[in-house]
Amino acid sequence: MAIINSRQNIDSTTQNTWHPMVEVFKTNVRKKTDGKKLLGSLLEVFPTYTMNFDLSDRDKVLRIQGENIEALQIIIHLREYGYSCEPLD
């Protein structure tokens, strides 16, 4: 299973009141090294999000968790790096 994670530390008081959104995207990212680079660049732009790639999924899924997720900006960001990215229903 190829899951690449980016996790934030959330203290226990925040955890009880935080109700994040989750967005899931279909991508064409195939390599673990590419996924790590993309997560790094995404975190520079969106440091408050928690995100991971599941490259073992047939849709090469990017999951993002956070508040007020800017889905269009995520799509644009991946496309700027030459990858496809679209919301997964």
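The values are calculated or read from the model by the stated rules, or taken from the named source; none is laboratory data. Since this is a predicted model, take the numbers as computed values, not measurements. When we count neighbours, we look across all protein chains shown, and the Cβ atoms used for this are built from the backbone with ideal geometry, even at glycine.
Could you check, for region 7-19, whether at least one of its residues is part of a strand (DSSP E or B) and at pLDDT below 95?
Within region 7-19, the first condition is being part of a strand (DSSP E or B), and the residues that meet it are none.
No, because not a single residue in region 7-19 is part of a strand (DSSP E or B) and at pLDDT below 95.
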Next item on the list: Take the residues in region 66-89 that are closer than 12 Å to LYS26 by Cα and β-branched (Val, Ile, Thr), then tell me which one is surrounded by the fewest Cβ atoms within 10 Å (Cβ to Cβ).
Entry: ILE75
Next item on the list: Would you point out the residue of region 32-65, among those that are among the basic types (Lys, Arg) and over 16 Å from GLY82 (Cα atoms), that is surrounded by the most Cβ atoms within 10 Å (Cβ to Cβ)?
Entry: ARG63
